[in-house]
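The values are calculated or read from the model by the stated rules, or taken from the named source; none is laboratory data. What you see is a predicted model; the values in this text were computed from it and never measured. Using ideal geometry, Cβ is built from the backbone for each residue, glycine included, and neighbour counts are taken over all protein chains shown.
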Amino acid sequence: MVQRRSLAWTELRVGIVVIVSFLLLALAVFFIGGQTGFFGPKYSIVAYFQNANNLRTGAEVHLEGVTIGNVNAVRISKMADPQKAVEAELRLDQTYQNIIRTDSRVTIRTIGLLGDSAVDITRGTEAGQVLEDGGPIQGSEEGDIRKIVQGTNDFVANLQVLSDDVKKMAERVERGEGTLGKLLSDTSIYDNANATMDEAHAFVGEAHDFVRDLRSGNGTVGKLVSDDELYNRVNHMMDRVDALIDVVEHGHGTAARFLNDPAIYDKTDRILARVESVTDRIDRGEGTLGRLSKDETIYNEFRDSVNKFSMLVSSIQNGEGTAGKFIKDPTLYNSLNQSSSEIQKLLYDFRQNPKKFLTISFKLF
């Protein structure tokens, strides 16, 4: 009997030790997992995501970097909205319920290179409403490590393609193909550039010589710039112009009288009035000029006279009439030429022997 009681007490102690050990292990796992406020009040909110991004039950929930709870469950949502394809039940410390509001931002963040995920929550503002127990909130996903690696792979692939293109372009340049290849391999371009530089250098030298001559007063431009005589002449001329203007303004001289004397203005006005009167008479066909400008008879007579004169000139050119023969017939020219020659001979003989032509006779009555 005593042996049975001793065995039962031993089994009871072993059971108590095992139970306590399990409790201690559970507490250790709970605290190591980051669960805080084990004995404090809790409340839950439901966050909706487009993708879970490897979010698992038990993952930590952070508020501004501080752990305030864990993910209680992750499951597929029954809603048709693709933005709410996944729902995660977050078990949070009720102490922070007043901080988490409807305008808080809930995101899934990847921790480390192993792909573990956690939930981050930002502090809400006074404009948002406090989330009650079981209240919904829309979440978003940050780029996880897989997306980053995938983006890196795409970047590396694009970089490889770019490297191949650069390599091909370098080979074309080495072969002298394309504009850049010709610029680097064609010696004529270098020669042309060198000749251009020589011409530019020569131009700069000529410009330097021109400026030097300009400063020294050589040449026309140099004298214009450096010679004081031209300046003095211009200054003297401006003084004379100024004096002339002063004389005119004070009423001296003909120009001043012409500008300032009202009598000249009146005479000019009368002359212009008379000219205007004459012009009006001509327009009306009065007087000789008016008839010349208006009467067609005079115009016709003048036209007939011009035609007759033209016919006369034509007949003269054709050798008709006395004037025509005088101009066209060479006989008259030859006769005149012969007579001129004989007169010249006569004058020559007279000069040589004037006594031959001067005879004095005396008569006695």
Practice task
Consider Ser104 carefully, then state whether it is hydroxyl-bearing (Ser, Thr, Tyr), in contact (Cβ under 8 Å) with a residue 60 or more places away in the chain and assigned by TED's automatic domain parsing to the domain that holds Tyr43.
Solution key: no
Practice task
Could you check how many residues of region 334-365 are modelled with pLDDT under 70 and closer than 30 Å to Gly319 by Cα?
Solution key: 0
Problem - Condition met for Thr102 (polar (S, T, N, Q) and within 14 Å of Ala47 (Cβ to Cβ)) - result: yes
Exercise for the section: Would you be able to tell me the number of residues in region 41-55 that are over 12 Å from Ile121 (Cα atoms), surrounded by 13 or more Cβ atoms within 10 Å (Cβ to Cβ) and over 56 Å from the mean Cα position of the chain (by Cα)? Expected result: 4
